[in-house]
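Written out below as structure tokens is the structure these notes cover.
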Amino acid sequence: MIEFRNVNKAYDMANGQNIVLKNVNFKFPERKNIGVLGVNGAGKSTLLRLIAGSEYPDSGRIIRKGRYSWPLGFTGSFHPSLTGIENLRFACRIYNADIKYVTEYVKDFSEIGDYIYEPIKTYSSGMRSRLAFALSMAIDFEVYLVDEIMGVGDQGFQKKCKDAFAAKRENSSIIMVSHSMATIKEYSDVAILLTGDNLEIHDDVEQAIELYSAFTTAST
Amino acid sequence: MEFLNALNVQGRVISALTLRETRARYGNSKLGFFWALFEPFAHVVVFIGIFSALDRATPLGDSMGLFILTGIIPWLLYSNIVSNVTTGLSSNKALLGYPQVMPIDITISRVALEFSTLFLVMLFFLAIAHYMGIRIRIDSFLEMMKPTGLIILLGTGIGLINAAIIPHYPSYTSIFNAFSRPLYFISGIFFTANFLSPEVFEFVDFNPLIHLIEWFRSGYYPSFESDLYDPEYAVFICVGIFTLGLLVERLSSKKARQV
């Protein structure tokens, strides 16, 4: 369950403020896979970070019940000077997950081989996201927050991600941000449109994508 | 129930962070813990050298080494906590992406590691002194721990204030260092306050560290009761600066999470 109450969020920019959310009251639909649409800079990633609790709103409250993942993306929450395995252990400890099981699972799933013993800063962005993805699959979450991560790796790896998510469907759902309309269509049951300072929910994903496309062409 | 759960999560986070800090400092290089021993050792050796060259006897007790040790350990506790808390957030920023990791947890874990390290270092040197035939007699463990606790509050408070200022004024780092380095010479590490004339003492009296180190030594030495240190002043300054540090941390921690 996640609910925004009177949430405000803005960024200070060189010339003025970039408003992401203004007095938003919003209840996210439960147990549905949600795709988030919005033009560049509308604050899609910020929205995910607010949902995760990695970032706080300027004012208002965010009420969250259940196990939410950290936002899975290219940057991730990994500490650059620690090795993959050290980062993994850290995550296991704070999420109370079994280190041995998670290590085995991640080694098998991520396909990064011996790089797991190297500092994260030596990783390519693809390896980083594969590690993040594998780790989040090994630690059970009710809601996965996914930031542009589905296009990671080769086709074989993508298929593995898809299968892993399919297996999780039973108990987990996704809230995802992607530039790829195909990915949004494939994974989402409903779409949320970031309109510049508010959130709009659309039960019909196709229709939301059309609206979004009109919006982007209009603004360019 | 919710409160207990939150406490449980924070406990897990702090222990995971402490493990990470320990590994970062001592895990990867074999020199790590050796350095923790070497630093106080070097101070002790230098001062033994100076004092014997001047042909001076130890101001307290019968071992020069122990006298310097009881001054240098509280000093290092203070200055290491300041520098570790100051840089704590900026070197762990990535981990704040995990929602349950709070900036204050990073501070707590760094302070805990610093305290345990110096506690072990102190024990180690006391054991060495014992084997060398130097008589170890601690007057009151509790009276040593009271100033220790206050030093932790003082160092943490200053570190938190520094951490809040530096992002806005990067040059503040060198100003702070320039002002805090002389403290080493007026904190009573290699002398006791009654060795100073009243006029000079009045001049260094503002420095809470000289009060805290005097207090620490009064706790250690059965024969030493300094009447120059002012516990009330020390408590007032330490608690005050710590509270200010927490306040500043509260105000700036929202910003700390933005990437």
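Overview of values
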{"read-out": "Breaking point among (1) within 12 Å of chain B (Cβ to nearest Cβ); (2) under 28 Å from A:A134 (Cβ atoms); (3) assigned to a loop (DSSP other than H, G, I, E, B), for A:R31", "value": "(1)"}
{"read-out": "Residue, modelled with the lowest pLDDT, within region A:47-73, restricted to residues that are within 10 Å of the chain's Cα centre (by Cα) and more than 9 Å from chain B (Cβ to nearest Cβ)", "value": "A:G73"}
{"read-out": "Helices (runs of 4 or more DSSP H) within region B:162-259 that include 1 or more residues at pLDDT below 90 and within 14 Å of chain A (Cβ to nearest Cβ)", "value": "B:231-256"}
{"read-out": "Within region A:111-220, strands (runs of 3 or more DSSP E) holding 1 or more residues that are crowded, with 20+ Cβ neighbours inside 10 Å and not acidic (D, E)", "value": "A:143-147, A:173-177, A:190-194"}
{"read-out": "Total residues in region A:22-39, condition over 16 Å from the mean Cα position of the chain (by Cα) and polar (S, T, N, Q)", "value": "2"}
{"read-out": "Out of A:E111, A:E118, A:E142, sole residue that is touching a Lys or Arg at 6+ places or on another chain (Cβ under 6 Å) and either within 14 Å of A:S69 (Cβ to Cβ) or of a type outside the set (F, W, Y) (or both)", "value": "A:E142"}
{"read-out": "Residue among A:D197, A:D189, A:D204 that is modelled with pLDDT of 85 or more and over 30 Å from A:I85 (Cβ atoms)", "value": "A:D189"}
{"read-out": "Which listed residue is within 11 Å of the chain's Cα centre (by Cα), buried (at least 20 other Cβ atoms within 10 Å of the Cβ) and either assigned to a helix (DSSP H, G or I) or within 14 Å of another protein chain (Cβ to nearest Cβ) (or both), from B:I68, B:I106, B:I81", "value": "B:I81"}
{"read-out": "Close pairs (8 angstrom Cβ cut-off, 6 or more residues apart or separate chains): on the phi > 0 side of the Ramachandran plot in region A:45-74, surrounded by fewer than 17 Cβ atoms within 10 Å (Cβ to Cβ) and part of a loop (DSSP other than H, G, I, E, B) anywhere", "value": "A:G53/B:Q100; A:G66/A:M1; A:G66/A:E142"}
{"read-out": "Residues that are surrounded by 17 or more Cβ atoms within 10 Å (Cβ to Cβ), of a type in the set (G, A, S) and in contact with a Lys or Arg (Cβ under 8 Å, 6 or more places away or on another chain), drawn from region B:8-39", "value": "B:A16"}
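The values are calculated or read from the model by the stated rules, or taken from the named source; none is laboratory data. In this text the structure is predicted, and so the values were computed from the model without any measurement. When we count neighbours, we look across all protein chains shown, and the Cβ atoms used for this are built from the backbone with ideal geometry, even at glycine.
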